[in-house]
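Okay, so here's the structure we're looking at.
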Amino acid sequence: MNTSAIVPISHVVDLSVKPDVTPFFDPQTNTVSYVVKDPQSTACAVIDSVMDIDYPAGRISYTSADRIIAHLETEGLQLEWLIETHVHADHLSAAPYIQSKLGGRLGIGEKITVVQDTFGKVFNEGTRFQRDGSQFDRLFKDGDTYEIGTMKAFALHTPGHTPACMTHVIGDAAFVGDTLFMPDAGSARADFPGGDARTLYRSIKRVLSLPDEVRLFMCHDYGPNGREIRWETTVSEERAHNVHVHDGVTEDEFVRVRTARDATLAMPDLIIPSLQVNMRGGELP
């Protein structure tokens, strides 16, 4: 990871802006999707939506997405953005379906092209599969800003889990994708193609350089040790208590722990359909 190429967090985090965040938990994939609303208007964004799949039967459905759509319609919200924090390997995106119903622009990190090139070869995709990110409306570069109503959001490139991972900071809230988990669960795996534990450590430290009060929203939670599912924490809680990367853990220590942990993990159940669909922006191959 060439840290000199990374834009520093020079944007002022406006802690006075407190977006209304509504979570939607999918128990099949342990994914948390979010509706992020501007408190000053009806504008909102949907982050990391889920398309349901019955994998053995080869059937897809939209129950999870329809819950989000119903919420937006009931609350009278205007969908401006559909954000994917990265190319997920454990669930399928419902972004095109929601977009077809409610509009909005679909965005992902610009390094989606790296993922498309890598897995285009893995899945032996033909020349019709475009590897330029053109399936998305916006490819975010590190430090890019965008608006959700009156709120200004900015995107941070936080690779390590995948090359295309982005953290989206909106007021006092940050949506970290799979970069971080809740403090008692640690961090995301870094053994997928293009992943790297050392890069992940540096990305996590970048997220944890945000103000202590910033709310952090996870993309997944698995309820370790039988606790109830949780998805919200803060920068200060992660710095104090994260079991993999709390303050004082060195990069080399993290890499040893992360690498050893990754060696024990099985392939995600939905990795094959997820990657094929998600690298296309949620469209079916």
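So how exposed is Leu102, as accessible area in Å² (1.4 Å probe, rounded to 10)?
Accessible area, nearest 10 Å²: 50 Å².
To two decimal places, what compactness ratio does the stretch 12-154 give when its Cα radius of gyration is scaled by 2.2 N^0.38 Å?
My calculation over the Cα atoms of the stretch 12-154 gives 1.10.
Could you give P(r) for the stretch 236-282, binned at 5 Å from zero, as whole percent values over all Cα-Cα pairs?
The percentages, shortest bin first, are 5, 18, 15, 13, 12, 15, 17, 6.
Around Asp262, with a cut-off of 10 angstrom between Cβ atoms, what is the net charge of the other residues, counting Lys and Arg +1 and Asp and Glu -1?
Counting the neighbours of Asp262, the net charge comes to +2.
Using a Cα distance threshold of under 15 Å, what count of lysine pairs results for the chain when pairs must be 8 or more residues apart or interchain?
4
Which residue, chosen from Thr29, Ala89, Ser61, occupies the Cα position most advanced towards the positive end of the dipole of the chain, where the dipole is computed from +1 (Lys, Arg) and -1 (Asp, Glu) charges on Cβ about the Cα centre?
It is Ala89.
Can you tell me how much longer the chain between Ile229 and Asp132 gets when fully stretched, taken as 0.36 nm per residue apart minus their C-alpha distance, in nm with one decimal?
Extending this stretch completely gives an extra 31.2 nm.
Calculate the spin-label point distance for Asp184 paired with Tyr222, positioning each point 7 Å from the Cα along the beta-carbon direction, and give it in nanometres.
Each label point lies 7 Å from its Cα, and together they span 1.5 nm.
Evaluate 2.2 N^0.38 Å with N set to the residue count of the chain, then give the Cα radius of gyration divided by it.
Scaled against compact globular proteins, the figure is 0.94.
Would you calculate the separation in nanometres between label points at Thr264 and Arg67, each defined as 7 Å from the Cα along the Cα-to-beta-carbon direction?
Inter-label distance under the simple model: 3.0 nm.
Which residue, Gly149, Gly226, Gly194, tops the fluctuation ranking in a GNM of the chain built on C-alpha contacts under 10 Å?
Gly226
If you take the alpha carbon radius of gyration of the stretch 91-216 and divide it by 2.2 N^0.38 Å, what ratio comes out, to two decimals?
Relative to the 2.2 N^0.38 Å estimate, the stretch 91-216 comes out at 1.12.
Using a cut-off of 11 Å between beta-carbons, work out the net charge of the residues near Ile60 (Lys and Arg +1, Asp and Glu -1, Ile60 not included).
Local net charge: -1.
For the stretch 52-120, what Kirkwood radius comes out of the mean inverse Cα-Cα distance, in Å?
Kirkwood radius, the stretch 52-120: 13.7 Å.
Over the stretch 169-231, what percent of the accessible surface lies on carbon and sulfur atoms, probe 1.4 Å?
48 percent
To the nearest 10 square angstrom, what accessible area does Cys165 show with a 1.4 Å probe?
Solvent-accessible area, nearest 10 Å²: 0 Å².
Could you do me a favour and compute the accessible area per residue for the stretch 204-270, 1.4 Å probe, result in Å²?
On a per-residue basis, the stretch 204-270 sits at 53 Å².
Can you tell me which of Val257, Val207, Val13 moves the most in a GNM of the chain? Springs connect C-alpha atoms under 10 Å apart.
Answer for the Gaussian network model of the chain: Val257.
Using only alpha carbon positions, build the gyration tensor of the stretch 129-285, then give the equivalent ellipsoid semi-axes as the square roots of 5 times its eigenvalues, largest first, whole angstrom.
24, 21, 15
The values are calculated or read from the model by the stated rules, or taken from the named source; none is laboratory data. Everything numeric here is computed off the predicted structure, so don't read it as measured data. Every residue, glycine among them, receives a Cβ derived from its backbone with ideal geometry; neighbour counts consider all protein chains shown. With ligands, DNA and RNA removed, areas are computed over all heavy atoms of the protein, side chains included. Shrake-Rupley method; radii C 1.70, N 1.55, O 1.52, S 1.80 Å.
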